[in-house]
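Novice: I have a structure here, written as structure tokens, and I will follow up with some questions on it.
The values are calculated or read from the model by the stated rules, or taken from the named source; none is laboratory data. Quantities reported herein were computed from a predicted structural model and do not represent experimental measurements. Reconstructed Cβ throughout: ideal geometry from the backbone, glycine too, with neighbour counts over all protein chains shown. Accessible surface is based on the protein model in full, side chains and every heavy atom, while ligands, DNA and RNA are left aside. Shrake-Rupley method; radii C 1.70, N 1.55, O 1.52, S 1.80 Å.
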Amino acid sequence: MHSTLDLSNVILGWKGKSIVASIASFITFLIGGWDTLAQALVLLMWLDVMGGLVQAFYEKRLNSSVMRRGLIRKTGYFAAIALAVLVDRALFQSAPAFRTLVLSYLCVNEALSILEHLAAVGVPLPAQLKHALEKLRHDMDSDDQRQPAE
């Protein structure tokens, strides 16, 4: 007997696929597309979450509230990207200036976090790699408004 409430039919059926596709399309629209930079951020976010879990297991400090805060923060990333997309659409006729800046900054932060997780579990890493990423983050953070030399 075939049940109409069978979960596998809902998820794998055309209705479920339509709902998932609609949600994915809407999120992709909000973040300005699914280009390499967006893909890199999602991959780095996933690696950071997995690295955080590995570090927490390694240090025997698994804490659901810490993970929840981290996931909420990562959700906020998408709000920041959507805001940057809106600014780009309003000011630059969709040229992705702010979106690219926000995505790049978030990618650097995620990469640094991944390196910190790896170092915490004893993976040897070249110091130059961490310094290069920290310099990138610092350069993006600074308002470096230099005055012309007199």
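Novice: Can you give the net charge of the other residues whose Cβ lies under 14 Å from the Cβ of Val121, counting K and R as +1 and D and E as -1? Please report the intermediate quantities before stating the final value.
Specialist: On the way: positive: Lys60, Arg61; negative: Asp48, Glu59, Glu116.
Every neighbour counted, the sum reads -1.
Novice: Per 0.36 nm of contour for each residue apart, how much would the distance between Ser25 and His138 grow if the chain were fully extended, relative to their Cα-Cα spacing? Write out the running numbers ahead of the final one.
Specialist: Numbers: separation 113, 0.36 × 113 = 40.68 nm, distance 3.39 nm.
My answer for the length gained is 37.3 nm.
Novice: Separate question: Arranged from highest to lowest average of other beta-carbon atoms within 10 Å per residue, in what order do the peptides 73-86, 115-128 appear? Don't skip to the answer; put the middle values down first.
Specialist: On the way: 73-86: 15.4, 115-128: 12.1.
For the peptides 73-86, 115-128, the packing ranking is 73-86, 115-128.
Novice: Could you please state how large a percent of the accessible area of segment 89-134 is carbon and sulfur, counting protein chains only and using a 1.4 Å probe? Walk me through the intermediate numbers first.
Specialist: Details: 1810 of 2610 Å².
So the carbon and sulfur contribution to the accessible surface is 69 percent.
Novice: Tell me the per residue accessible area of the chain using a 1.4 Å probe; a whole number in Å² is fine.
Specialist: Details: 10840 Å² over 150 residues.
With all protein chains present, the chain gives 72 Å² per residue.
Novice: Using only helices, what value at 222 nm comes out for the chain when you add -39,500 (n - 2.57) per DSSP H run of length 4 or more and divide by the total residues, to the nearest 500 deg cm²/dmol? Please report the intermediate quantities before stating the final value.
Specialist: Working: 6 runs with 113 residues, N = 150.
Using -39500 (n - 2.57) per qualifying helix, the result is -25500 deg cm²/dmol.
Novice: May I pose another question? Computed FRET efficiency, Cβ-Cβ of Lys17 and Ala127, R0 41 Å: what is it to the nearest 0.05? Walk me through the numbers before you get to the answer.
Specialist: Details: r = 47 Å, r/R0 = 1.16.
Computed FRET efficiency for Lys17 and Ala127: 0.30.
Novice: Using 7 Å Cα-to-Cβ label points, what is the Trp34/Met67 separation (nm, one decimal)?
Specialist: Placing both labels 7 Å beyond Cα along the Cβ direction yields 2.6 nm.
Novice: Just read off the accessible area of Phe98 with the full protein assembly in place, 1.4 Å probe, to the nearest 10 Å².
Specialist: Answer for Phe98: close to 80 Å² accessible.
Novice: Quick one: net charge around Cys107, please, counting Lys, Arg +1 and Asp, Glu -1 for every other residue with C-beta under 13 Å from its C-beta.
Specialist: Numbers: positive: Lys74, Arg99, Arg137; negative: Asp35, Asp48, Glu110.
Taking every Cβ under 13 Å from that of Cys107, the sum is 0.
Novice: Hydropathy at least 0.0 by Kyte-Doolittle, axial extent at least 18 angstrom from the Cα trace: which helices of the chain, defined as entire DSSP H runs, fit? Can you show the working numbers first?
Specialist: Details: long enough: 14-30 (24 Å, 1.09); 36-58 (32 Å, 1.44); 64-91 (40 Å, 0.74); 97-120 (35 Å, 1.10); 127-141 (21 Å, -1.05).
Result, helices passing both filters: 14-30, 36-58, 64-91, 97-120.
Novice: In addition: What's the magnitude of the charge dipole for segment 56-150 around its Cα centre, counting Lys and Arg as +1 and Asp and Glu as -1 at the beta-carbon? Answer in Debye, nearest 20.
Specialist: Dipole of segment 56-150, to the nearest 20 debye: 560 debye.
Novice: I'd like the accessible area for Ser94, computed on protein heavy atoms only with a 1.4 Å probe and all protein chains in place. Round to 10 Å², please.
Specialist: About 80 Å², ignoring ligands and nucleic acids.
Novice: Need the full-extension length gain, Lys60 to Ala119, defined as separation in residues times 0.36 nm minus the C-alpha distance. One decimal, nm.
Specialist: Values: separation 59, 0.36 × 59 = 21.24 nm, distance 1.59 nm.
Stretched fully, the Lys60-Ala119 segment lengthens by 19.6 nm.
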